[in-house]
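Visitor: Got a structure here, written out as structure tokens. Questions coming.
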Amino acid sequence: MREMIFNQPSDDKSELEDAGDFTPRFDDRGLITAIVTDAGDGDLLMVAHMNAQALALTIQTGIAHYFSRSRGKIWKKGETSGNLQTVKEIRTDCDQDAIWLKVQVAGHDATCHTGRRSCFYRTVTLEDGKPVLTIVDDDLHFDPKDIYGK
């Protein structure tokens, strides 16, 4: 696979906002935020980060790749679990510093390593002046212990 090189973003705002070259604006750590939704129903599945290599692999293969900040490496989403994310559409925002992936999830139709469909399975509420988490989606699509051995 040929290495993809992204051009430097233009300082001309109108060039960033118009059609033409895709020139993603990576942050000072070389990352760009990726918002991931289900291509079918639009549900928010996850938010992750990509470096230039992960973004290039995603564009070239049609399978979502991300950069793990905690592990310091690229990972193909679903490689271990079988829940690969096939990219149906990639969008970028007006100043090209965020990516929106619309994906179809294979396998168990689950994105979160906890076995849930979405990583956003909890709500934050205020109780007695303190923020607390409440699980609102406890539907497990797979048992993480069976997949990850943890």
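The values are calculated or read from the model by the stated rules, or taken from the named source; none is laboratory data. Everything numeric in this text was worked out from a predicted model, so none of it was measured. Please note: Cβ atoms are built from the backbone with ideal geometry, for glycine as well, and neighbour counts cover all protein chains shown.
Visitor: In this structure, does Trp75 turn out to be assigned to a strand (DSSP E or B), closer than 27 Å to Asp28 by Cβ and at pLDDT below 95?
Guide: Against the criterion (assigned to a strand (DSSP E or B), closer than 27 Å to Asp28 by Cβ and at pLDDT below 95), Trp75 qualifies.
Visitor: Any residue in region 41-59 that is more than 15 Å from Ile90 (Cα to Cα) and of a type in the set (Lys, Arg) sitting within a Cβ distance under 6 Å of a residue that is modelled with pLDDT of 95 or more and not in a loop (DSSP other than H, G, I, E, B)? List the pairs, counting only those 6 or more apart or interchain.
Guide: none
Visitor: Being assigned to a strand (DSSP E or B) and not aliphatic (A, V, I, L, M) is the filter here, so list the residues in region 25-71 that pass it. Reasoning before the result, please.
Guide: The first filter runs over region 25-71 and keeps only residues assigned to a strand (DSSP E or B), leaving 32-38, 44-50, 63, 65-68.
Once the filter is applied, which keeps residues that are assigned to a strand (DSSP E or B) and not aliphatic (A, V, I, L, M), region 25-71 yields Thr33, Thr37, Asp38, His49, His65, Tyr66, Phe67, Ser68.
Visitor: Return the residue satisfying two criteria in turn: it lies in region 105-131 and is surrounded by fewer than 17 Cβ atoms within 10 Å (Cβ to Cβ) and small (Gly, Ala, Ser), and of such residues it is farthest from Ala39 (Cα to Cα).
Guide: Only one residue fits best here, namely Gly129.
Visitor: I've got another one for you. Does region 90-104 hold any residues that are surrounded by 13 or more Cβ atoms within 10 Å (Cβ to Cβ) and either part of a loop (DSSP other than H, G, I, E, B) or on the phi > 0 side of the Ramachandran plot (or both), and which are they?
Guide: Asp93, Gln96, Asp97
Visitor: Then there's this: Please pick out the residue among Ala54, Ala19, Ala34 that is within 23 Å of Arg122 (Cβ to Cβ) and either of a type in the set (A, V, I, L, M) or surrounded by 12 or more Cβ atoms within 10 Å (Cβ to Cβ) (or both).
Guide: On the way: Ala54 fails: within 23 Å of Arg122 (Cβ to Cβ); Ala19 fails: within 23 Å of Arg122 (Cβ to Cβ).
Criteria check complete, one pass: Ala34.
Visitor: Sticking with this one: Here is a list of conditions, (1) in contact with a helix residue (DSSP H, G or I) (Cβ under 9 Å, 6 or more places away or on another chain); (2) of a type outside the set (A, V, I, L, M); (3) at negative phi, and Gly30 meets all of them except one; can you say which number that is?
Guide: Single failed check for Gly30: (3).
Visitor: Which is more than 30 Å from Lys13 (Cα to Cα) and touching a Phe, Trp or Tyr at 6+ places or on another chain (Cβ under 8 Å), of Asp143, Asp138?
Guide: Asp138
Visitor: Now a separate question. Hey, Ala39 hits all of (1) touching a Lys or Arg at 6+ places or on another chain (Cβ under 6 Å); (2) closer than 14 Å to Ala98 by Cα but one; which does it fall short on?
Guide: It fails just one condition, (2).
Visitor: Just to be sure before I move on: is Phe6 surrounded by 13 or more Cβ atoms within 10 Å (Cβ to Cβ), without any contact (Cβ under 8 Å) to a residue 60 or more places away in the chain and not β-branched (Val, Ile, Thr) in the structure I sent?
Guide: The answer is yes for Phe6.
Visitor: Looking at region 7-26, can you tell me whether even one residue there is at pLDDT 95 or above, of a type in the set (Gly, Ala, Ser) and either over 27 Å from Phe142 (Cβ atoms) or touching a His at 6+ places or on another chain (Cβ under 7 Å) (or both)?
Guide: Within region 7-26, none of the residues are at pLDDT 95 or above, of a type in the set (Gly, Ala, Ser) and either over 27 Å from Phe142 (Cβ atoms) or touching a His at 6+ places or on another chain (Cβ under 7 Å) (or both).
Visitor: If I filter region 105-130 down to residues being in contact with a Ser or Thr (Cβ under 7 Å, 6 or more places away or on another chain) and not in a loop (DSSP other than H, G, I, E, B), which single residue comes out as farthest from Gly78 (Cα to Cα)?
Guide: So the residue we want is Thr125.
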